Structures are given as C-alpha cells and as structure tokens.
C-alpha cells in the first residue's frame, strides 16, 4: 500500500460505495471503512493524504462521497470544495473532526460541507453517509431522466418535422403541437390556428364521441397502436372529409399526452387503375354501378358469412319528383348524391352498395338476423328524416322507404331474391313511405314447415351422433383485462362433417321445440370447457323453452353435482324480450341459479331503451347491450345518449355492461367513452370452434341438406 493512494477493496459481492477519505492518518481510513461496513455499506475507500492527488483520484474514479478530516489534512473545506468543483460538482463533502458541536457544524456547512460528524459518533457517521449517498443518487437519476426526456422530446419533434404523416400532440383533449403535414392536411396557414384549441374543433360532431373515447382509451393503454379510427374532418384535403386516425400514448414533461397521426397516402396505384376504379362507380352517388354491384353481391352470396346472414335492402327516396320540382332538375343529382352519402354512413365495413335503378339504391348487408336488418332500415329512415339537404341556395327535407329481405334457399335465383326485396319496398311505399318493410311471402309458413321437417330430422340425428360443437367468443375488458370470459356458442356438423351455421338450424330448433335439448348439450359442453381451460367465466344462453320447463333447474343441479362444478364460473343469459314476456318464470329460475352461485345476464338489452324496471326485478350481474344499437352508435347522438343512459342505469345498480356485435375501432372508442365495461364481436375476435380436425370442413346450407335428405 502506497502512502499516496490506498484502496480498501470490498470482496463481499455487494455494490460498493466509492469514497475518497482525505486525511494524513491511515487509521482514519480503516475506521471509516469498518463503520460503514457495520452500517450495511460495502465501502470502497480511496486514501488521499496529499492535496496533489485529489484531482488525480477524482478524474480517474467515480467517487460518490468525500470525507475530510479537518484536523489532519493540509487543505481547508473551502480549498477542497474548490478543487472538486472542477471534476464532480455534485459530489457531497462530509467534514470530520475530533469534536463536532453545533457551532463547528454550522461553520463547516457554511464553508460548503453537507454536514460535519465527530470521530467518536460512528452511528451518526453512518446515517449522514447514507443520507448523502441517497440524495446524490436521486439527483443523478433525476438529471438523467430530465436529459433523457429532453432528448426524447427533441427526437419526437425531429420525427414530426420530417414525417410525411400528419401528426398532432394532444394533452387533455387540447392540441399542443402539430407538424407541417398536419397543417397541410387540415388546410391551416400556421400552427397558431390549431395549437391550444380542442382536437374536436377540427372534426364534425358525428365523430366527437369516437375521438373522445379513443383519446381516453389511449391514455389508459387500451388502444392498439395499429388500430385506426375513421373520422370526418371539417376541412381537409381529402375530398370525402374522412381521415383514418392512429393514437399512441407518450409521456412528456407535462404528463401523458397522445400522438394523433394520419398516415400519408400511398400513391402506388397506376393511373390506369385509378381510372378503372372510377369507371366502376356511379358519378352522382359514388356507389357501384348496377353491373358492378350485381357482380359483387353474387360473389358474396356464393359464400356464407362466418356468422349471421345476408340481407338485401332496396332503398329509395319518397316522391323524388316533388324534390326535383323544389330544387330543380340540375340540382337533383346533387341531392341524390347527398342521400347516397347518408346511406353510406350507416353501412358497416362488410356491407356493399350500388345505384340499382333510377333513384333507387341497393345494399347487401351482413347482419346477425333479418330483424337486425329491419332495425337498420328503421334507423336509416329516421336519420334521413332529420337531415337537411342543400344544393346551391335551395334546401329540402327527404324521407325514404326501405324494403329488406333475408337470403334464403326459398329463392332459387338472384332474380327471385331481388324481386322479393323490391316487393317488400312496394309494400312500404303503399303504406305511405318513410318506413321499412321486411319481406314475408304468402307461402312462407308452408315452406317453412317443409324445411323445418327436414331440420328436425337432422337435429335429432346430430344430437344422437354428438355432432354439435362448442365455439368460444372472447369477451374483452375495456376497463381491465383481469377476467378471462367467453360467450359460448353452438355449432353443428352435418353427416359429412361439414359445419352448419347457427342461423340455419337454431330458428328451426326454436320453432320445432328442440331448443331445450340443445340448451342441455350446451351446459354439459360448458362444464367440460371449464374443466379443460382457465376461463374465469363463461356465458351460456338459456332459451325460452328451458325457462318455462320446470325440470331445467333439477337437471342442472344434478349435472353440477356430478362434475363437482364450480358454479361461479357459469353465467346463464336470457334475451330481454323473453325475460320480460315471462318475468315470473325468469325470476324464479334466476333466484334458484343465484343460490348455487350461477351468474345471470340479460341478453340483447336495450330494445325497450328506457325500461329499467326489469333490472330492479331480476337484478342481473351483467347486461349485454343490444347489438342493434351498435349500427348507428358511432354517428348518432341519440343512440349514444340511449346507450349512455343504459350504462349509467346499470352502473348505479352495480351491474356490469357488455356491448354486443362490436365491429370496428370507432365503435370501441365510443363505448370506452360511454363507460361500457366489456365488449364482444368481430372486432374483438371471430368465434373459435373448440374441436379438432376442422381444417378441411366446409359450411353446409339447408338446400344441400334438403337435397341429401331427398336422396
């Protein structure tokens, strides 16, 4: 060991503290080292006995603390402070002397020391060293964080400045920064025109709820970075006014903010391709020409939707001749174009529309049931009725009539299907217009009975041969992901092992009084699913037939006991309309289920929007907000208010809310804003069949089953 610099090395494996001990007495180093070790510090001491070596040590070592023996070192506190300032200004200095009274401590601190301790008080030495080291490390961490944040913000600004994407930073709904691309897209001369203003000011009212929800979801970490929200801007370089917004959370100096981005368009289409696309569309309505529309719906109808059914809608403005007289012949196409835009706004991404003939439009919808399509038509009629259509200096109000018809094997050709849809429209027009009509053929009952007879045979065979399968539809949490929940659905296989859609066989089972058998198969399958998975909760439908059957509860008790099943994992769900129609029987069965721990949910809730009495009578654990309300949720304020009232009524009663049939990010954003707890639908995940060897199976239609039965 040299007299100039002595290093006491720590070999304990703990993180060592680098300390410079300034003293002429070597024993001081040993005393400080042992004192700190006794206090739990792994000391790594550098002995400095000559002021000439202090700078060398500070420059070569990462010293975290200086301890100066004022009685046995040539330089004063001020001289040492002045020397260490050239190397590590933030490193604290603790003074040491034989006796340390209040006056000497004050004097030492006035000279620049952080504190003074006496050689005889080892406990205070340990406490002061711990305090100063902690303060130093906190300061260094803070400085590092500030530096990183500053650098991070600089990089973010550099990225925004050079990005072709339109980007805005938003804090608590207020725009704090935008780049040139954003100003160009939204047609503003300078950033002072938008900074400090609400983000909503740049968008139409119909998009506000979705944008608010997306901002809240992004801050809560519930918005996927690759998800896009479709919104309509007040002024934009986009002709349609539509922009696709992306949201991403950032942490800046003032707290969390959201980066809102619109991707720059990819101009990768050949000019000939653009011309070809334009030629496929009607210039007045921007919908497909008749030929293009027919070609597309033929391809769609050739394959069954993954769930639900295809429904054709024929939509036409009422008394368009009167409209022409009011706005003029030259302006009539403009009015028709605005009407087509209103129809397009009500469509889902998978829907397709075209100008069919004259002023008539036709839309192929994918919906859960024909009733959903009928509701879509009602909402469209109401939406159009409230709008004002303007062309130049003239304005007018419109109403429309909608005829809808569900795809069915009853219609042998597309011509028959279209004709049935037009017939439904004609019934609505004859009824006075401004309405929707669902096609109901005169011979529907007799044909239905014929087809139901076929279904009864196949349903019984499927039950006997165990050809029903379970499908799981995840239920996602909007507030938290702590609970793993699934909606369980039933699927059926034909004799060749091909899947049959529920929309094909469930209505027949309901009409043929076979739902009770399917319900019991589902409950058994749900018990097995819970045994084989880690699902916290599964939802199983209970049909009206099972609710009215007195043997349902005893049978369920027997099954639960047989499998020692944890009933708290099961939630039985009953449609609101069935529950309301059979309130006494529903209440009885719910009370019995609740006693054994089974949960209860009201499905398709909100059909009668303002009737909350049923919540107080049945006291469900969950309500599933009717999927029909999702059709117009993104743009219709009245629907948003209705869902808001439903969610508030549920929350006041400690009932969790689940949104059905959530199809896209816009709907999710609005639901998040409205306070919905959970959601399910194609946006969350497609139903997944829980069975093996299904890769090569195809879907089977009723017509194919009927043909097989005939053979």
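The values are calculated or read from the model by the stated rules, or taken from the named source; none is laboratory data. All values reported here derive from a predicted model rather than from experimental measurement. Please note: Cβ atoms are built from the backbone with ideal geometry, for glycine as well, and neighbour counts cover all protein chains shown.
Taken over segment 166-199, the criterion of being under 23 Å from the mean Cα position of the chain (by Cα), buried (at least 16 other Cβ atoms within 10 Å of the Cβ) and not in a strand (DSSP E or B) is satisfied by 199 alone. Can you name every residue in segment 506-547 that is over 22 Å from residue 483 (Cα atoms), modelled with pLDDT of 90 or more and in a loop (DSSP other than H, G, I, E, B)? Listed by number, the residues that qualify are 542, 543.
Among the candidates 117, 138, 91, the residue that is modelled with pLDDT of 85 or more and under 55 Å from the mean Cα position of the chain (by Cα) is uniquely 91. Look at segment 222-235: where a residue is farther than 15 Å from residue 666 by Cβ and not assigned by TED's automatic domain parsing to the domain that holds residue 634 and a partner is assigned to a loop (DSSP other than H, G, I, E, B) and modelled with pLDDT of 80 or more, sitting 6+ places away or on another chain with Cβ atoms under 7 Å, you get 234/204; 235/186; 235/187. Listed by position, the strands (runs of 3 or more DSSP E) enclosed by segment 594-690 include none that has at least 2 residues that are modelled with pLDDT under 90 and crowded, with 23+ Cβ neighbours inside 10 Å. Pairing each residue of segment 272-301 that is farther than 13 Å from residue 359 by Cα with any residue that is in a helix (DSSP H, G or I) and at pLDDT 85 or above, provided the two are 6+ apart or on different chains, yields C-beta distances under 6 Å for 280/292. Scan segment 403-436 residue by residue and report those that are without any contact (Cβ under 8 Å) to a residue 12 or more places away in the chain and surrounded by fewer than 19 Cβ atoms within 10 Å (Cβ to Cβ). Across segment 403-436, the qualifying residues are 412, 413, 415, 416, 419, 430, 431, 432. Residues that are assigned to a loop (DSSP other than H, G, I, E, B) and either in contact (Cβ under 8 Å) with a residue 60 or more places away in the chain or over 22 Å from the mean Cα position of the chain (by Cα) (or both) within segment 461-493 comprise 465, 466, 467, 478, 479, listed in sequence order. Of all residues in segment 494-505, those that are within 25 Å of residue 532 (Cα to Cα) and over 33 Å from the mean Cα position of the chain (by Cα) total 2. A single entry from 324, 315 fulfils the requirement of being modelled with pLDDT of 90 or more, out of contact with any strand residue (DSSP E or B) (no Cβ under 8 Å at 6 or more places or on another chain), surrounded by 16 or more Cβ atoms within 10 Å (Cβ to Cβ) and not in a loop (DSSP other than H, G, I, E, B): 324.
The criterion of at least 3 residues that are modelled with pLDDT under 80, exposed (fewer than 13 other Cβ atoms within 10 Å of the Cβ) and out of contact with any strand residue (DSSP E or B) (no Cβ under 8 Å at 6 or more places or on another chain) is met by none of the strands (runs of 3 or more DSSP E) falling completely within segment 227-302.
Filtered by the rule that a residue be in a strand (DSSP E or B), modelled with pLDDT of 75 or more and either outside the structural domain of residue 133 (by TED's automatic domain parsing) or under 20 Å from residue 74 (Cα atoms) (or both), segment 1-57 gives 19, 20, 21, 22, 45, 46, 47, 48. For residue 606, are the conditions met, namely being over 28 Å from the mean Cα position of the chain (by Cα), in the same structural domain as residue 469 (by TED's automatic domain parsing) and closer than 18 Å to residue 656 by Cα? Here the answer is no, as residue 606 does not meet what is asked. Only strands (runs of 3 or more DSSP E) whose full extent lies in segment 346-402 are considered here, and the ones with at least 2 residues that are out of contact with any strand residue (DSSP E or B) (no Cβ under 7 Å at 6 or more places or on another chain) and over 17 Å from residue 421 (Cα atoms) are 389-391.
Every residue, every condition in (1) within 16 Å of residue 77 (Cβ to Cβ); (2) in contact (Cβ under 8 Å) with a residue 12 or more places away in the chain; (3) surrounded by fewer than 18 Cβ atoms within 10 Å (Cβ to Cβ); (4) touching a strand residue (DSSP E or B) at 6+ places or on another chain (Cβ under 6 Å), yes or no:
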residue	(1), (2), (3), (4)
90	no, yes, yes, no
93	yes, yes, no, yes
100	yes, yes, no, yes
105	yes, no, yes, yes
108	yes, yes, no, yes
116	yes, yes, no, yes
125	no, yes, no, yes
135	no, yes, yes, no
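Filter segment 60-78 down to the residues that are more than 60 Å from the chain's Cα centre (by Cα), assigned to a helix (DSSP H, G or I) and loosely packed, with under 15 Cβ neighbours inside 10 Å and list them by number. Across segment 60-78, the qualifying residue is only 78. Counting just the residues of segment 548-588 that are in contact with a strand residue (DSSP E or B) (Cβ under 8 Å, 6 or more places away or on another chain) and part of a helix (DSSP H, G or I), which one comes out farthest from residue 532 (Cα to Cα)? Only one residue tops the list, namely 577.
Hey, can you tell me all the residues within segment 492-505 that are crowded, with 21+ Cβ neighbours inside 10 Å and modelled with pLDDT of 85 or more? Within segment 492-505, 492 is the sole residue that qualifies.
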